[in-house]
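The values are calculated or read from the model by the stated rules, or taken from the named source; none is laboratory data. Since this is a predicted model, take the numbers as computed values, not measurements. In this analysis, Cβ positions are derived from the backbone assuming ideal geometry, glycine residues included, and neighbour counts consider all displayed protein chains. To get the accessible areas, we keep the full protein, side chains included, count just its heavy atoms, and leave off ligands, DNA and RNA. Shrake-Rupley method; radii C 1.70, N 1.55, O 1.52, S 1.80 Å.
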Amino acid sequence: MTISTHLAAPALLVALFLAPACGAGTASGQDGGLPDGDAGASDAGPDDGGTDSGPGDGGDGGSDCPLGVICVDTLPFHDENDTGLSTARDLDGYGCAPGTDESGPERIYRVRLPTAGFFSAAVHDGAGVDVDLHLLASLDAADCLDRGDLSVAADLEAGFVYVVADTYVSGGVEHAGPYGLDLGLLVPSEGDCGLEVGTMARVNDGGNTLAMPATGPIVREAHLVTAEEPEPYPSAAREFIERHYALSQETTGLVMHRLESWAPLEGGSFYGAGIGSPTLLPVLEEGWYVNMYWQVSDRPARGTRMILRLPGTDRAVVVAAGHETGPGNLAHIGGTPEETHFYLGTSHLDVLTLGIAVDQSLPFGPRRCTGP
């Protein structure tokens, strides 16, 4: 990339990430109805972390754990549970989707957030099971912040928030059953997001270089094999992908339901191949990578900090350039994996602003821009 001028270099604020998101936190609680429900409920589900602590706080966010609620005090948190073993059926519909039938049994989690940040939850269930997630500000189904079949997320202040794993009902059939639940909190770094000004030469651009920073559609890219993944490397689009998901979640700290496969062969000898050997791609940088169809002469060095920013907002991600080239369609500015899109709340081909960070010491991952 040819640089013509520089914006003012931003001051660096180090990102605070909580412990990796694959370990289990601590929980207390027991199965049953809402706090004013069946005080005699005692059929605690598998791995729900303990027993009820008393009569509860009535759902008002006090220090005691509400009866019938699994209370989570440490993040990240993982639980293996089963809505089919729950007797709680108090929440049948939610303000986020009032027309969706969630009248099957549920399990309720109260989560203590020690600081403000990006809170997210992901559920994994099997064939014939449909457990949906609902993020509530209180134990009131109308007080719904987000819902999803696979994940929920929101920027939240410190305090208490509730996650309900509820059974979807269709045609009178309850799709209850076992599930795995992950909860996590990321605290973005904060500071300036200054971008270098210049041009980028791209393959097949006919000499028409792209002015940088650039704003345009950003592809949702597939995953790449990293330095922590041993040979043999994947010989199919989904081989070893679940192992990669777990590694990425643990390293980045971002809890989400990952879905993308490995990058296709595209001339390589294995799926998920980037530029050169996977031993050159750290796990953290794969979780937040970015690519462009840059010519070799302008391709940034591996690990160069670029910033993807949601236009008109302070929301951004510091991403790692130089590990892969693409996408080939020059109408698309670049590409980034599903982790970046999930945090930004964007989808495939949504419009973002991309540029090389003036401050090359920024931590990779979510960032709140205070300027420019």
Which value, in Å² rounded to 10, gives the accessible area of Tyr293 with a 1.4 Å probe and all protein chains present?
60 Å²
What is the sum of charges around Arg305, taking Lys and Arg as +1, Asp and Glu as -1, for the other residues whose C-beta is under 14 Å from the C-beta of Arg305?
-1
The range 192-298: GluC sites (Glu not before Pro) in DSSP loop, at most 15 other beta carbons within 10 Å:
Glu266
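Using per-residue counts of other Cβ atoms within 10 Å, averaged over each peptide, order 76-84, 108-116, 89-97 from highest down. Walk me through the intermediate numbers first.
Values: 76-84: 20.9, 108-116: 19.3, 89-97: 17.3.
Averaged packing, sorted descending, gives the order 76-84, 108-116, 89-97.
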Quick check: pseudo-label points 7 Å beyond the Cα along Cα→Cβ at Ala116 and Val283, how many nm apart are they?
3.1 nm
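Using a/c under 1.5 as the rounded threshold, could you call the range 280-322 rounded, prolate or oblate? The axes a ≥ b ≥ c are square roots of the C-alpha gyration tensor eigenvalues, and prolate needs a/b larger than b/c, oblate otherwise.
Details: a/c = 2.99, a/b = 1.41, b/c = 2.12.
Note, shape of the range 280-322 comes out oblate.
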What is the set of long-range amide H partners of Ala116 at a cut-off below 5 Å, with H atoms built 1.01 Å from backbone N?
Ala158
Diffing the range 222-232: the Karplus 3J(HN,Hα) column from phi (6.51, -1.76, 1.60, θ = phi - 60°), in whole Hz with x for Gly and Pro, holds 7, 8, 10, 5, 10, 5, 8, 10, x, 5, x
Give me, ordered by chain and number, the residues 5 or more places off Cys193 or on other chains with an amide H under 5 Å from its own placed amide H.
Thr370, Gly371
For the range 127-139, 3J(HN,Hα) per residue [Karplus equation, 6.51 cos²θ - 1.76 cosθ + 1.60, θ = phi - 60°, Hz, x = Gly/Pro]
4, x, 10, 9, 9, 9, 10, 9, 9, 10, 7, 8, 7
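With a 10 Å radius around each residue's Cβ, average the other Cβ atoms per peptide and rank 154-162, 178-186, highest first.
On the way: 154-162: 16.6, 178-186: 22.6.
Ranked from most to least packed, the peptides come out as 178-186, 154-162.
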Go through the range 111-122 residue by residue and turn each phi into a ³J(HN,Hα) via Karplus (6.51, -1.76, 1.60, θ = phi - 60°); whole Hz please, and just put x for glycine and proline.
10, 8, 9, x, 7, 5, x, 9, 8, 8, 9, 9
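With a 1.4 Å probe and every protein chain left in place, work out the accessible area per residue of the range 86-242 in Å², rounded to a whole number.
Details: 5780 Å² over 157 residues.
For the range 86-242, the per-residue accessible area is 37 Å².
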Within the accessible area of the range 202-333, what % is carbon and sulfur when the probe is 1.4 Å and the other protein chains stay in place?
52 percent
For Leu67, enumerate residues with amide H under 5 Å from its amide H, sequence gap 5+ or separate chain, H modeled in the peptide plane.
Gly56, Asp57, Gly58
